[in-house]
Amino acid sequence: MNGIRTVKEILKEESTDDIWIWDSIIKAKTINIISGDESSGKTTLMINLCKAISDEEDFLGCRTSKQKILYITSEMSARDISAVFEKIGLKDSDNVKVLELHDDPLSLLGYSVMNADLVIIDLFIQILINEGKDPNVYKDVNEVYGELRKGSSYRDKTIILVHHLNKLGEINGSVSIGGASDTRMILSMPEKRQSPERTLSIYGKNVEQKDIQISFDFSSRIMSLSQNNSDKQIDHELAYIIEQTVARGQISGSCQEVSAILKLSRFGRNPNSLKRYLNANVDALNENDIELVSERSSKERIIKLIHRKQ
């Protein structure tokens, strides 16, 4: 059968070197997803990333590799997207094409005729809806991902999907949406929405989990590394958890529920990540008169953060 090769043939014909579109974050010929709350700046972040990739500039402290880009938009018009590109100073404007998403979206993704290496789909939910698929149904999501994977693996395309978070700070819809993606990114913002600070949390099959602190200039639409960006993000998050627990007296619920209460999106995806984080910092919690209690209910594990008032 065509396409079937021995291990020796594959290793001989294909390079084993990883090609990164965005160094250590987005690998070539993969499917990736960025999620965030409404108005968190997902589209603006993607436009800034595309500008950096098109002009082969560093972005948020990581190198990029020049690619031909197709930006497929369903929320903003092609004109509005193009205006943002112009505003942030896109140099090679011929290298970025913009397409408005209408009916029959998967046929629009005729990768063999689209002269692009990187395809951004903003929003992914619109493709599911237009295809008559339910984002909460595993089978429906996997069928669409199967079509996208063909474009990624067989036609050498890198795909980034823009999506929403649900109320618990998790990727909206079936768990397969995040699970089928090679790199998952969550863009979160502080409770005060007018603040320019953002946090981009990175997860993935072949990437190191990390947080990047971002500063968003509303007037210029440019996103850049925050001056507060540091490898010690863990200390900032712990201070925030302690502050919120002291203010509230007690915070309890499942790991996802506590993550949502504290608006810590990066812990919402994995049900055990917040518990592990708190257990690793239990001494610091105790030093601040906060007791960590973990209990197993009939359905799930419940955690409690209790402030022992003086």
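The numbers here are math on the coordinates, done by the rules we state, and not lab data. For clarity, every value in this text was computed on a predicted model and none was experimentally measured. Virtual Cβ from ideal backbone geometry, glycine too; neighbours counted across all protein chains shown.
Details
- Listed residue (Cys62, Leu118, Ile47) projecting farthest to the positive dipole end of region 7-225, Cβ model: Cys62
- Computed from Cα atoms, the angle from the helix 42-55 axis to the main principal axis of the chain rounds to 50 degrees.
- Excluding the site residues themselves, the longest part of the chain lacking any chymotrypsin sites (Phe, Trp or Tyr not before Pro) in a DSSP loop with at most 15 other Cβ atoms within 10 Å is 1-153.
- Of Ala78, Ala284, Ala116, the one that fluctuates the most in a GNM where the chain has Cα springs shorter than 10 Å: Ala284
- Whole-Hz Karplus values for region 160-175 come out as 10, 9, 9, 9, 9, 9, 8, 5, 8, x, 10, 4, 5, x, 4, 4 Hz, taken residue by residue from phi with 6.51 cos²θ - 1.76 cosθ + 1.60 and θ = phi - 60°; glycine and proline positions read x.
- Volume per residue of the convex hull around the Cα atoms, evaluated for the chain, comes out as 165 Å³.
- Listed residues Cys255, Ile26, Leu168: farthest to the positive end of the dipole of the chain (Cβ charges): Cys255
- Dipole of the chain [Lys/Arg +1, Asp/Glu -1 at C-beta], most positive-end residue of Ser297, Ala239, Tyr145: Ser297
- GNM top mover of Ser254, Ser181, Ser220 - the chain, alpha-carbon springs below 10 Å: Ser220
- Gap separating the Cα centres of region 126-181 and region 41-78, nearest whole Å: 20
- Top of Lys150, Lys205, Lys299 by mean-square fluctuation, Gaussian network on the chain, Cα under 10 Å: Lys299
- Under a model in which nothing but the beta-carbon of Lys, Arg (+1) and Asp, Glu (-1) is charged, region 7-225 shows a dipole of about 180 debye around its Cα centre.
- With 5 Å bins from 0: P(r) over region 136-222, alpha-carbon pairs, percent: 3, 12, 18, 22, 18, 13, 10, 5, 1
- Rounded to the nearest whole Hz, the Karplus-based 3J(HN,Hα) values (6.51 cos²θ - 1.76 cosθ + 1.60, θ = phi - 60°) of region 246-263 follow the sequence 4, 5, 8, x, 7, 10, 9, x, 5, 4, 5, 5, 5, 4, 5, 4, 7, 6, with x at glycine and proline.
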